[in-house]
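Peer 1: Structure provided below as structure tokens; questions to follow.
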Amino acid sequence: MSQEPVERPDSNKEWQLIEKVVGSINSEQKTARRWGIFFKLATFAYLFIALIMLAPKDLDAEKIALSGEVTAVVEIKGVIADGKDASADVIVTGLRNAFETSGVKAVVLRINSPGGSPVQSGYVYDEIKRLRSLYPETPVYAVISDIGASGAYYIAAAADAIYADKASLVGSIGVVGSGFGFVDAMEKLGVERRQFTSGEHKAFLDPFTPLNKEQKQFWQGVLATTHNQFIEQVKKGRGDKLAQDAKLFSGLVWTGEQALELGLIDGLGSTSYVARELVGAEEIVDFTPQPSPFESLVGRLGTHMGQGFAGVLGLQSNPLNLK
């Protein structure tokens, strides 16, 4: 029986099919690359526009646009300490910008702070007095919202007048220096403390060594000196407005209503009230220096990363904080 010849596929057709497949793949890759470049450029443009929109307003441009007189506000919010949002550098920068701007009729310190460093507070107090002497026609008001205590009240005392809400917490004119002692705990655990110093009292605040009577008296003297400086500045700022009350400088804190009776504040009112009724310039412009969007982003990322590491290591703190 004769076998019929088997027809083989045309090799040219095979190569044409392969070429079509390869060409299709190349075309898809080119399209994908184009779309990738497009989306990258679109993302870059979006981020660039977002940074421009989120950037702090240029006060110089805003000043030019202002018509008439305004009330300048500088925020003092949170703990007063170096490197914080309520550091002397931040507050003083805002104050200088406000005083140097034409059209500013008065400056308001909007305070919501429990206090902090007496050094930082002293810097701000002195700068307010200096700026007032340079710009005698521009009064300074302090307005306390939730709390204006300790170092925050130290700063407020430099103002021409202080206002607060009837339920605000005001005062705490005192100084505190606190710590812990672990001497007995170390003895119970059988831990030996090995410390080497040069200077008889170099380690007198070390929590693992006993605090003797002489060291305690010395530290009390340091606190008393700082307290007297605080009292002196408050008296200079408030003058005869202060009531003759022995508890005034005891470190106690009062409501705004009580503080008014003691002469710690001049009246009850908000920032808007002061701008409208006392200054006579209802338009308010915030001169508080703000971090750039990049600094804010880095700060947030750092905080989130720290919280993440704390969670992984089991070091996350209890969200309930009592201060």
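The values are calculated or read from the model by the stated rules, or taken from the named source; none is laboratory data. Note that the structure is predicted; figures quoted are calculated from it, not measured. Here the Cβ is made from the backbone with ideal geometry for all residues, glycine too, and neighbour counts use every protein chain on show.
Per-residue answers, yes or no, for (1) outside any helix (DSSP H, G or I); (2) surrounded by fewer than 12 Cβ atoms within 10 Å (Cβ to Cβ); (3) not hydroxyl-bearing (Ser, Thr, Tyr):
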| residue | (1), (2), (3) |
| --- | --- |
| Lys216 | no, yes, yes |
| Lys236 | no, no, yes |
| Phe249 | yes, no, yes |
| Leu260 | no, no, yes |
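Peer 1: Going through segment 238-270 one residue at a time, which ones are in contact with a helix residue (DSSP H, G or I) (Cβ under 8 Å, 6 or more places away or on another chain) and over 25 Å from Thr226 (Cβ atoms)? It would help to see each step written out before you state the result.
Peer 2: Taking segment 238-270 as the starting set, the residues that turn out to be in contact with a helix residue (DSSP H, G or I) (Cβ under 8 Å, 6 or more places away or on another chain) are 242-243, 245, 248-249, 254, 263-269.
If the condition is that a residue be in contact with a helix residue (DSSP H, G or I) (Cβ under 8 Å, 6 or more places away or on another chain) and over 25 Å from Thr226 (Cβ atoms), then Asp266, Gly267, Leu268, Gly269 are the ones that fit.
Peer 1: Anything in segment 168-197 that is out of contact with any strand residue (DSSP E or B) (no Cβ under 9 Å at 6 or more places or on another chain) and closer than 30 Å to Leu262 by Cα? List them, or say none. Step through it out loud before you land on a result.
Peer 2: As a first pass, look at segment 168-197 and keep what is out of contact with any strand residue (DSSP E or B) (no Cβ under 9 Å at 6 or more places or on another chain): 174-197.
Gly174, Val175, Val176, Gly177, Ser178 - these are the residues of segment 168-197 that are out of contact with any strand residue (DSSP E or B) (no Cβ under 9 Å at 6 or more places or on another chain) and closer than 30 Å to Leu262 by Cα.
This table checks each residue for (1) over 26 Å from the mean Cα position of the chain (by Cα); (2) in contact (Cβ under 8 Å) with a residue 60 or more places away in the chain; (3) under 22 Å from Val140 (Cα atoms); (4) assigned to a loop (DSSP other than H, G, I, E, B).
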| site | (1), (2), (3), (4) |
| --- | --- |
| Gln220 | yes, no, no, no |
| Glu232 | yes, no, yes, no |
| Gly239 | yes, no, yes, no |
| Ala246 | yes, no, no, yes |
| Ile265 | no, yes, yes, yes |
| Arg276 | yes, no, yes, no |
| Val285 | no, yes, yes, no |
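Peer 1: Condition check: surrounded by 15 or more Cβ atoms within 10 Å (Cβ to Cβ) and out of contact with any helix residue (DSSP H, G or I) (no Cβ under 7 Å at 6 or more places or on another chain). Does Leu205 satisfy that?
Peer 2: Details: surrounded by 15 or more Cβ atoms within 10 Å (Cβ to Cβ): no; out of contact with any helix residue (DSSP H, G or I) (no Cβ under 7 Å at 6 or more places or on another chain): yes.
Considered against the rule, which asks whether it is surrounded by 15 or more Cβ atoms within 10 Å (Cβ to Cβ) and out of contact with any helix residue (DSSP H, G or I) (no Cβ under 7 Å at 6 or more places or on another chain), Leu205 comes out as no.
Peer 1: What's the number of the only condition in (1) among the β-branched types (Val, Ile, Thr); (2) surrounded by fewer than 16 Cβ atoms within 10 Å (Cβ to Cβ); (3) at pLDDT 90 or above that Val222 fails to meet?
Peer 2: Going through the list (1) among the β-branched types (Val, Ile, Thr); (2) surrounded by fewer than 16 Cβ atoms within 10 Å (Cβ to Cβ); (3) at pLDDT 90 or above, Val222 breaks only (3).
Peer 1: Out of segment 180-202, which residues are surrounded by 10 or more Cβ atoms within 10 Å (Cβ to Cβ) and either part of a loop (DSSP other than H, G, I, E, B) or on the phi > 0 side of the Ramachandran plot (or both)?
Peer 2: Across segment 180-202, the qualifying residues are Gly181, Phe182, Val191, Arg193, Thr197, His201, Lys202.
Peer 1: I've got another one for you. Step by step: first the residues of segment 108-129, then only those that are without any contact (Cβ under 8 Å) to a residue 60 or more places away in the chain, surrounded by 22 or more Cβ atoms within 10 Å (Cβ to Cβ) and under 15 Å from Ala159 (Cβ atoms), then the one that is farthest from the chain's Cα centre (by Cα). Which residue is that?
Peer 2: Top of the filtered list is Ile128.
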